[in-house]
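This is the structure I want to talk about, given as C-alpha cells.
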Amino acid sequence: MNVTPNTIDSDLAGRICVWLSVRAGVVEDVDIESTRPKGVAKVFVGHAPDEVVSLLGRVFSLCATAQSVAGLEAVEAARGLSVSAQQHVARHMLREAEMLSQTVLRVSMDWTRLLSLPPVPAVARTVLSAEAGLKADLFSGRDWKVPGGIPVTPDIAAARARLNDLQDVLGTALHENGLAQNLLSALDAHDLNGFGALAKGARPETGALSRQWQDSGVVTARKVYGAGLRARLMARFADMRDLSRFLAEAVNTLTPCAVPQQASRQDGDGTATVETARGALTHRVVVKDGKIAAYDIDAPTDVNFLNGSVVARGLIGAARDRRALDVAAQLHVLAVDPCVECTVEIKDA
C-alpha cells in the first residue's frame with residue numbers, strides 16, 4: 001500500500017479465509033485468517049475532509065454509498081454542519097437502495113449457485129438499475145458526496161415509476177412459487193435449515209438476522225430450526241420487503257431544498273453510524289486545523305469474522321461428508337456475509 005500526501009491507494013480490502021479442521025467427518029476447529037489491514041482509515045490523516053469524503057466510495061467499493069454517508073455525517077458532526085431533512089432522506093434512500101441491491105445479488109446469484117438452482121439475473125438487474133437510476137432522480141446526477149450537502153432537486157415522477165417497477169419484481173420473487181420459495185425448498189432438500197445455528201441464548205450477529213430477529217418468518221424459522229441458515233435467509237427476504245417499502249414511502253416525502261448552511265467551525269470530532277446490508281458501520285473522525293487528524297472505521301465484517309465469532313461457532317461440530325460440508329460452510333459464510341472475498345478451506349485435523 002502506497003500513500004503519499006496527495007494520493008490514497010484504493011487497494012485496501014484484503015481477503016478472508018475460513019479454515020476447517022476435520023477429524024472423522026466432524027469439524028473440530030475453525031481458524032479465520034484475514035489480510036484486512038488494521039486501522040486502514042489512518043491513510044486519511046492529513047487530508048482535507050472534503051477530499052476524504054469524495055474518496056470513500058472508491059476506497060471501499062462494495063458498500064460505497066454507506067461508507068460515503070457515514071463519512072459525510074461524521075465530518076458534518078465534526079464541523080457543526082446540519083443538513084435539511086430532504087438532504088437526509090435523499091442520501092439514505094441511496095444507502096437503502098444499495099443495501100437492497102447487495103442483498104438481492106447475494107440471494108438471486110450466490111445462494112442459488114450454492115443450492116444448485118439457476119440464477120435469477122433479471123431480479124438483480126432490476127434492483128441494480130433502480131439503485132443507479134435513483135442517483136440521477138434524486139440529485140440530478142450530480143456528485144452528492146459534499147459535506148453540508150448539495151441542492152436536492154428530485155424527479156419524483158421518475159423515482160416513483162422506478163420504485164413501482166422494483167416492487168413488482170420483488171413481489172414476484174418473494175411470492176409463492178417465486179425465488180424465495182425455491183431457495184427455501186432447496187434448503188429443505190439439502191437438510192440445511194438449521195445449519196450454523198446460534199447457541200441457545202446467543203446474540204445474533206450484526207446484520208440482517210439482528211435487524212429482523214422479531215420478523216414473523218424469522219421467528220418461526222428460529223422456533224423450528226434454530227437461528228441457522230433458514231432464519232438467516234428469511235431475514236434477507238424480510239430486508240428485501242422492508243427496504244423496497246421504505247424507498248416507496250420515502251420518495252413521497254421529498255421536495256426540493258436549497259444549499260444548506262455553512263460550517264459553524266473548522267475543527268472538531270464527530271461520529272456517525274449507518275446500517276449496511278452486513279450490519280452497523282461506524283465512522284469516527286477528528287478534524288484539526290482543517291485537516292483530518294484521526295479517522296477510524298468499525299465495519300461489521302471485522303466483528304462477524306473474528307476467530308471465535310458467530311462464523312466460527314456455527315461451524316464447530318458440523319458433521320457431513322467433505323463435499324456436503326464444503327457447500328454448507330460456504331452457505332454459512334454467505335449468510336453472515338463478509339464485505340470482502342472469502343474462501344472456505346477444509347483440512348484434516
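Tell me the Rg and the Dmax, in Å, that the Cα atoms of the range 170-242 produce.
In Å, with Rg to one decimal and Dmax whole: 11.7, 35.
Further question: For the pair residue 189/residue 242, report the inter-label distance in nm, with labels modelled 7 Å from Cα in the Cβ direction.
Each label point lies 7 Å from its Cα, and together they span 3.0 nm.
Now, a different point. List the residues whose amide H sits under 5 Å from the amide H of residue 29, counting only those 5 or more places along or on another chain, with H placed 1.01 Å from N in the peptide plane.
Amide H to amide H, under 5 Å and 5 or more residues apart or across chains, residue 29 pairs with 21.
Could you sort 178-184, 277-283 so that the peptide with the highest average Cβ count within 10 Å comes first and the rest follow in order?
Sorting 178-184, 277-283 by mean packing, highest first, produces 277-283, 178-184.
Kirkwood Rh and Cα-based Rg: tell me the resulting Rg over Rh for the range 194-280, rounded to two decimals.
That ratio equals 1.18.
Taking R0 as 45 Å, what's the FRET efficiency between residue 323 and residue 288 from their Cβ-Cβ distance, rounded to 0.05?
For residue 323 and residue 288, the calculated efficiency is 0.20.
Per the Debye formula with a single identical scatterer at each Cα and no solvent contribution, what log10 I(q)/I(0) holds for the range 247-305 at q = 0.20, 0.21, 0.22 Å⁻¹?
Debye curve over Cα of the range 247-305, log10 I(q)/I(0) at q = 0.20, 0.21, 0.22 Å⁻¹: -0.91, -0.92, -0.92.
Collect residues whose amide H, placed 1.01 Å from N in the peptide plane, falls under 5 Å from the amide H of residue 294; neighbours closer than 5 in sequence don't count.
286
Cut-off 14 Å, label point 7 angstrom out along Cα-to-Cβ of residue 85: give me the residues of the range 235-252 whose amide nitrogen falls inside.
Backbone N within reach: 250-252.
Excluding residue 29 itself, calculate the net charge of residues whose Cβ lies under 11 Å from the Cβ of residue 29, where each Lys or Arg counts +1 and each Asp or Glu counts -1.
In short, 0.
So, how do all the Cα-to-Cα distances of the range 4-163 break down into 5 Å bins, in percent, from 0 on up?
Using 5 Å bins, I get a P(r) of 1, 8, 13, 15, 15, 15, 12, 9, 6, 3, 2, 1, 0 for the range 4-163.
Can you find, among 41, 63, 27, the residue farthest towards the positive end of the dipole of the range 25-76? Put +1 on the C-beta of Lys and Arg, -1 on that of Asp and Glu.
Of 41, 63, 27, it is 41.
I would also like to ask the following. Per residue of the range 288-305, in order, report the coupling 6.51 cos²θ - 1.76 cosθ + 1.60 (Karplus, θ = phi - 60°) as ³J(HN,Hα) in whole Hz, putting x for Gly and Pro.
Here the 3J(HN,Hα) series is 9, 6, x, 10, 6, 9, 7, 8, 9, 10, 9, 9, x, 4, 5, 8, 6, 10 Hz.
What is the projected area of the convex hull of the Cα atoms of the range 262-349, averaged over all directions, in nm²?
Hull-based average projected area comes out at 8.0 nm².
Compute the whole-percent fraction of alpha carbon pairs in the range 48-304 spaced more than 23 Å apart.
55 percent
Separate question: Could you pull out every residue, at least 5 positions away or on a different chain, whose amide H is within less than 5 Å of the one on residue 280? Hs are placed 1.01 Å off N in the peptide plane, and Pro or chain starts have none.
Here the answer is 207, since their amide H atoms fall under 5 Å of that of residue 280.
Using the Karplus equation 6.51 cos²θ - 1.76 cosθ + 1.60 (θ = phi - 60°), what ³J(HN,Hα) coupling, rounded to whole Hz, does each residue of the range 136-150 give in order, writing x for Gly and Pro?
Going residue by residue, I get 6, 5, 8, 10, 6, x, 7, 5, 8, 7, 10, x, x, x, 10 Hz, with x marking Gly and Pro.
Where the centroid of each part is defined by its Cα atoms, how far is the range 259-326 from the range 216-238 in Å?
Going from one Cα centre to the other spans 24 Å.
Output wanted: per-residue J couplings in Hz (rounded whole) for the range 47-53, from phi through Karplus 6.51 cos²θ - 1.76 cosθ + 1.60, θ = phi - 60°, x for Gly and Pro.
Residue by residue, the range 47-53 yields 9, 5, x, 4, 5, 5, 4 Hz.
Please report the net charge: other residues with Cβ closer than 14 Å to the Cβ of residue 219, K and R +1, D and E -1.
+4
Another question, then. Can you work out the PRE-style zone for residue 24? Point 7 Å along Cα to Cβ, and I want the residues of the range 334-349 with backbone N under 14 Å.
From the range 334-349, the list is 349.
So, one more: By what distance, in whole Å, do the Cα atoms of the range 203-349 stretch along each of the three principal axes, largest value first?
62, 39, 24
On to the next question. Holding the Cα-Cα limit at 32 Å, pick out from 200/347; 135/291; 42/145; 38/288; 135/223; 38/347 the pairs that are longer than that.
The answer is 135/223.
Taken together, the values in this text are just the output of simple stated rules run on the coordinates, not laboratory data. Computed from a prediction, not measured in an experiment: that's the story for all the values here. Note that we place each Cβ from the backbone using ideal geometry, even for glycine, and neighbour counts take in every protein chain shown.
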